[in-house]
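Read through the structure below, which is laid out as structure tokens, and then see the notes.
Each value in this text was obtained by applying a stated rule to the coordinates, not by laboratory testing. This structure is a prediction, so every number in the text was calculated from the model and none was measured. Glycine also receives a Cβ, built like all others from the backbone with ideal geometry; neighbour counts cover every protein chain displayed.
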Amino acid sequence: MSRIGVFVCHCGENISATVNCEKVAKITGELKGVEFSTDYKYMCSDPGQTLLKEAIKEHKLDGVVVAACSPRMHEPTFRKACAEAGLNPFLCEMSNIREHCSWVHPKDDLTTEKAGDLVRVMVEKVKKNKALNSIKVPVTKTALVIGGGIAGIQAALDIANCGHKVIMVEKQPSIGGHMSQLSETFPTLDCSQCILTPRMVEVAQHPNITLHTYSEVEVVDGFIGNFKVKIRKKSKSLDEHLCTGCGLCTTKCPQKKIPNEFERGLGFRPAIYVPFPQAVPNKPVIDRENCTYYIKGKCKVCEIVCPTKAIRFDQEDEILDVEVGAIVLATGFDVLKPDFFPEYGYGKYKDVIDGLQFERLASASGPTQGEIRRPSDGKEPKKIVFVACAGSRDPAKGIEYCSKICCMYTAKHAMLYKHKVHDGTPYVFYMDIRAGGKMYEEFVRRTIVEDGTHYVRGRVSTIYEKNGKLIVRGADTLMGGIPIEIEADMVVLATAGVANKGAEELAQTAHVSYDAYKFFAEAHPKLKPVETNTAGIFLAGACQAPKDIPESVAAASGAAVKVAALFSNDELTRDPLVALVNRQPAPVFSSCVGCFLCQSVCPYQAIEREEIKNRNGEVIKTLARVNEGLCQGCGTCVALCRTKAIDIHGYSNQQVYTEIMALLNE
Amino acid sequence: MKVGFYPGCSMKGGAREYQESVSALAKVFDIELVEIPDWNCCGATAAHNLNKELSLSLPARIMALAEREGISDIVVPCAACYNRLSIVKHELEADKSLSKRVASIIDLKYEGTTQILNIIQFIDKYITDRLEEKVVKPFDYKTACYYGCLLVRPHSILKFDRVEDPQSMDVLVKKAGGDAIDWAYKTECCGAGMSVSRTDTVARLSGNIMKDAVDRAAEVVVVACPMCHSNLDMRRPEINKFLNEKIDIPILYISQVLGLAVGLDAKTLGLNRHMTEVNLPVKPAMEVPVASEPKKVVNTQKLEA
């Protein structure tokens with residue numbers, strides 16, 4: 001005979017506004033096997049938990065049902081409380097009468113009745129619950145940081161400075177990310193490179209950090225504390241140990257007209273190249289797609305000139321297998337592709353550029369040495385139009401979100417332009433100016449008031465070229481929507497920040513969820529902003545949503561703390577809600593027939609083969625066995641098992657049937 | 001090949017040459033255009049400003065009649081008619097009870113199974129594949145393709161081409177041997193029905209369109225809408241007065257351009273019916289017989305040898 005306690009929570013008014021909680025406690029208190037029932041305004045509060053603990057002791061409860069919110073947030077809370085009162089935590093279950101009942105139904109007797117049913121179902125389940133013990137798993141105290149932009153750099157340094165090993169993987173030949181492309185940064189106008197490059201060097205020199213550039217993560221297996229990762233180190237066609245970074249090869253390479261990605265196509269680079277002068281590591285790679293040797297089979301100029309004979313044309317990609325305990329995703333963002341704006345002629349007119357291209361023009365190390373010159377003819381633009389919200393906040397374009405950084409960098413662009421072209425006239429077309437942030441609003445005011453930027457509230461409908469000028473047509477909505485036409489020399493589009501290409505594949509590789517825009521999803525938008533739904537994998541920077549530098553850095557440090565906290569334990573405890581293959585006495589051993597359908601469907605590679613041998617050492621039966629460390633308790637194997645040999649702790653077939661039967665037999 | 005044909009009012013009146021050229025072109029490609037029997041007005045701009053049910057019922061009746069005849073595709077050369085028919089089809093598809101109500105008003109069965117094709121979609125579906133092989137007189141002119149508004153908007157319903165910078169007519173003109181120029185006024189408003197009440201507005205709006213085309217050295221403007229045509233063609237005196245210029249380049253329908261390219265004569269295509277005289281110079285490319293093809297082959301063989 002069970003002695004179950006039922007605790008009905010009002011959740012302030014969230015539940016009690018539509019459900020009569022007292023009545024739920026009363027009717028469920030009369031159920032067979034229920035020893036005690038009560039209701040309380042905030043069950044998760046300290047007095048609420050104390051109430052639960054006292055009741056467990058006083059009534060000698062052997063099972064608990066908390067009727068409250070979704071188990072997502074507070075199941076750990078109540079299980080912990082139970083444990084403190086001496087009850088096995090896995091004998092505590094939550095019945096969700098908030099999301100599943102009070103929030104979705106009007107105030108009505110039927111709503112209360114449904115809440116009662118939901119509790120009754122859970123009471124029946126708890127009767128079948130078994131006391132379980134947490135699983136202990138070891139922790140590999142090495143972190144993997146994917147992405148070497150400012151977010152990845154910050155996260156890696158923070159973790160490394162806590163004394164833990166870090167492996168950083170960067171897709172490009174150099175770390176630095178988008179921040180290394182920027183000219184100056186808002187709102188202080190300090191030079192982006194100047195504040196970033198010391199950090200890049202620190203990463204390269206840190207004894208705890210192993211850096212793999214020109215590399216990509218191919219496979220992520222395992223689980224929190226024990227990830228197994230395959231990294232593809234793409235061939236740089238170079239022996240990095242021999243190369244001294246003298247740069248002779250890059251000056252002698254006969255291929256000189258390859259659009260430079262770092263300069264956003266505004267400059268050229270050779271086939272063997274270092275992305276930018278401050279690159280880390282400052283050693284070149286050969287771009288095989290454009291290298292004359294790989295295309296035509298001869299050239300090898302770089303090999304001839306190399307003083308240390310470091311060029312390796314036959315070098316192959318290397319696959320590294322690493323074991324890490326935590327992963328930080330910091331893969332950043334991308335800007336929109338040119339074909340997105342046929343109406344703005346982006347991609348068609350040379351002088352319609354995006355914000356990142358303008359950064360390169362304004363950068364002292366850029367293709368124009370920091371002089372603002374338009375790409376088509378190299379002339380200084382005297383009239384320039386900045387278009388904010390180019391793509392962002394535009395449901396018709398499929399991007400409904402605000403890219404967040406554009407208001408500020410557009411203000412910065414206008415200011416930089418004015419600082420460099422004193423007789424120039426900058427215009428900014430904007431929808432709203434979103435300058436929330438320390439010193440941000442003041443910065444925008446400065447652009448408008450001190451630098452005389454013309455802010456026009458309205459959208460640009462079309463841009464076309466006429467007699468060497470770009471005609472920008474828009475409306476001024478603060479002047480009653482009057483049409484405006486500006487004959488501009490250059491146009492800069494503040495294009496929407498979008499998820500990096502490959503983000504979706506990486507999310508699937510690492511088993512983290514992502515949103516409709518392919519940005520990685522955090523576990524909770526407010527309270528778990530750097531965690532993902534996959535334990536042990538954290539987020540930093542703009543791979544999650546458009547973020548500016550301070551925000552990316554803050555998120556990265558947040559993620560680093562989470563990793564450090566994880567590494568502060570020598571072993572982790574996991575919920576024991578894992579699958580189990582039943583065992584029976586010989587000669588049956590198990591109802592498992594060894595078909596291994598479960599093995600083929602298990603997303604976590606958690607099913608192993610177990611051989612039963614007789615005394616002579618001969619294999620007499622092969623069974624499936626679940627690796628408790630790997631199993632995530634998804635239940636796919638249970639659904640597929642033909643002989644019902646597999647079950648899940650806490651969600652056994654019998655428990656689920658019991659729940660259904662409880663609903664059917666009122 | 002049989003395709004339903006909905007002429008609407010303009011094909012029978014001001015845009016007779018549009019129908020003549022579409023019919024002539026279809027004939028070249030062995031397509032039989034079947035005029036929908038007992039067709040009625042599409043409702044034009046008037047109906048949907050006055051009475052919602054009327055504006056739905058008129059196009060619905062046209063489509064229902066086509067269904068009754070077993071017609072699966074209707075070509076609607078007039079862009080305004082095409083717009084009305086497409087939008088009504090879309091609205092009735094989205095709201096089944098409305099669809100029933102409309103069926104009871106028109107007293108015909110309406111399933112919404114017919115495909116509504118504008119002239120470009122019609123050409124793309126039935127002609128484009130065979131177009132290049134039939135071109136005997138390449139239309140070797142600098143051509144400004146003018147799409148106007150009704151073919152491309154609202155994009156969410158019509159899903160035609162790239163709404164801000166449509167390309168499909170340009171592609172057709174290129175296939176006919178023409179030089180489709182890049183210009184800025186492809187989808188700007190011509191003034192539409194203001195032609196009568198506010199001729200000055202039309203002169204200004206259509207004037208800007210013509211000015212940009214001429215500034216970019218267009219020798220001809222190609223349209224796919226009788227309304228656009230009448231504004232750019234018939235209102236030329238007012239346009240020229242507004243611009244204080246003398247623009248005399250002709251406005252042709254896309255069907256006329258393709259018709260010329262496949263060797264149809266001016267009269268069959270109704271070129272004589274335009275207000276602005278069509279006086280296109282003969283270009284050398286048009287005089288070269290089709291035999292230019294084998295010549296090229298000889299050349300390449302030589303090169304290989």
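Rounded to the nearest Hz, the phi-derived 3J(HN,Hα) couplings of segment A:163-171 under the Karplus curve 6.51 cos²θ - 1.76 cosθ + 1.60 (θ = phi - 60°) are x, 9, 6, 10, 10, 10, 10, 10, 6, where x marks glycine and proline. An ellipsoid equivalent to segment A:517-570, defined through the eigenvalues of its Cα gyration tensor, has semi-axes of 19, 13, 8 Å when rounded to whole angstrom and sorted largest first. Give the distance, in whole Å, between the Cα centre of segment A:462-501 and the Cα centre of segment B:92-127. Centre-to-centre (Cα) distance: 39 Å. Label-to-label distance for residue A:51 and residue A:303 is 8.0 nm, based on points extended 7 Å past Cα in the beta-carbon direction. Can you list the aspartates and glutamates whose alpha carbon sits under 16 Å from that of residue A:252, skipping same-chain ones fewer than 8 residues off? Qualifying aspartates and glutamates at Cα under 16 Å: A:287, A:303. The value given for segment A:579-648 is a Kirkwood hydrodynamic radius of 12.2 Å, derived from the mean inverse Cα-Cα separation.
What pairs in A:80/A:528; A:383/B:159; A:230/A:404; A:397/A:420; A:397/A:438 have C-alpha atoms more than 28 Å from each other?
Working: A:80/A:528 20 Å; A:383/B:159 36 Å; A:230/A:404 35 Å; A:397/A:420 34 Å; A:397/A:438 31 Å.
Check vs 28 Å cut-off fails for A:383/B:159; A:230/A:404; A:397/A:420; A:397/A:438.
Each 5 Å bin from zero up to the one holding the largest Cα-Cα distance in segment A:513-607 carries the following percent of pairs: 3, 10, 14, 15, 13, 11, 10, 8, 7, 5, 3, 1, 0, 0.
Where does the protein assembly as shown land on Rg(C-alpha)/(2.2 N^0.38 Å)? Provide the component values of the computation, followed by the final result.
Numbers: Rg = 36.1 Å, N = 971, 2.2 N^0.38 = 30.0 Å.
Cα-based Rg divided by the globular estimate yields 1.20.
Helix B:79-94 and the longest principal axis of the C-alpha atoms of chain B enclose an angle of approximately 50°. If R0 is 51 Å, the Cβ-Cβ spacing of residue A:663 and residue A:190 corresponds to a FRET efficiency of close to 0.20. Relative to the longest principal axis of the Cα atoms of chain A, the long axis of helix A:653-664 lies at roughly 80 degrees. By its C-alpha gyration tensor, with a ≥ b ≥ c as the square roots of the eigenvalues, how is segment A:267-331 shaped: rounded for a/c under 1.5, else prolate for a/b larger than b/c, else oblate? Prolate, since a/c reaches 1.5 and a/b exceeds b/c.
Summed over all non-identical Cα pairs, the Kirkwood treatment of chain B gives a radius of 20.3 Å.
If I stretch the segment between residue A:582 and residue A:622 completely, what's the gain in nm (0.36 nm per residue apart, minus their alpha carbon distance), one decimal? Intermediate values should be presented prior to the final figure.
Working: separation 40, 0.36 × 40 = 14.40 nm, distance 1.33 nm.
The span from residue A:582 to residue A:622 would gain 13.1 nm if fully extended.
Expressed as a fraction of 2.2 N^0.38 Å, the C-alpha radius of gyration for segment A:248-305 is 1.08.
With no solvent and one equal point scatterer per Cα, compute the Debye intensity ratio I(q)/I(0) for segment B:2-119 at 0.16, 0.17, 0.19 Å⁻¹ and report its log10, rounded to two decimals. Cα-only, vacuum Debye calculation for segment B:2-119: -0.69, -0.78, -0.96.
Using a Förster distance of 45 angstrom, determine the FRET efficiency expected from the C-beta separation of residue B:129 and residue A:239, and round it to 0.05. Display every interim value, and only then the final one.
Numbers: r = 56 Å, r/R0 = 1.24.
Approximately 0.20, to the nearest 0.05.
A simple spin-label model places pseudo-atoms 7 Å from Cα toward Cβ; at residue A:321 and residue A:350 they are separated by 5.3 nm.
Rounded if a/c is under 1.5, else prolate if a/b beats b/c, else oblate: with a ≥ b ≥ c from the C-alpha gyration tensor eigenvalues square-rooted, which is segment A:81-191? Oblate, since a/c reaches 1.5 and b/c is not below a/b. In order along segment A:345-362, the Karplus-derived 3J(HN,Hα) couplings, from 6.51 cos²θ - 1.76 cosθ + 1.60 at θ = phi - 60°, round to x, 5, x, 9, 9, 4, 8, 9, 10, 9, x, 5, 5, 5, 4, 5, 5, 7 Hz, and Gly and Pro are given as x.
With 0.36 nm allotted per residue and the present C-alpha distance subtracted, the residue B:12-residue B:174 stretch has 55.4 nm of extension available. Taking other Cβ atoms within 10 Å as a rough exposure proxy, A:509, A:188 sort from fewest to most as A:188, A:509. Need one number: nm distance between label points at residue B:217 and residue A:570, each 7 Å from Cα along Cα→Cβ, rounded to one decimal. The modelled label-to-label distance comes out at 8.3 nm.
Can you give me the orientation-averaged projected area of the convex hull built on the Cα atoms of segment B:137-193, in nm²?
Quarter of the Cα hull surface area: 4.4 nm².
In percent, rounded to a whole number, the relative contact order of chain A is 12, using alpha-carbon pairs under 8 Å and six or more apart. Global dimensions of segment A:334-498 from alpha-carbon coordinates: Rg and Dmax equal 14.6, 43 Å. Shown is the FRET efficiency for residue A:422 and residue A:548, computed with R0 = 45 Å from the Cβ-Cβ distance and rounded to the nearest 0.05: 0.95.
When chain B is treated as a Gaussian network with alpha carbon springs shorter than 10 Å, the biggest mean-square fluctuation among B:178, B:70, B:148 belongs to B:70.
With contacts taken as Cα pairs under 8 Å at a separation of at least 6 residues, segment A:4-134 carries a relative contact order of 31 percent.
Helix A:46-59 and the longest principal axis of the Cα set of chain A meet at an angle near 20°.
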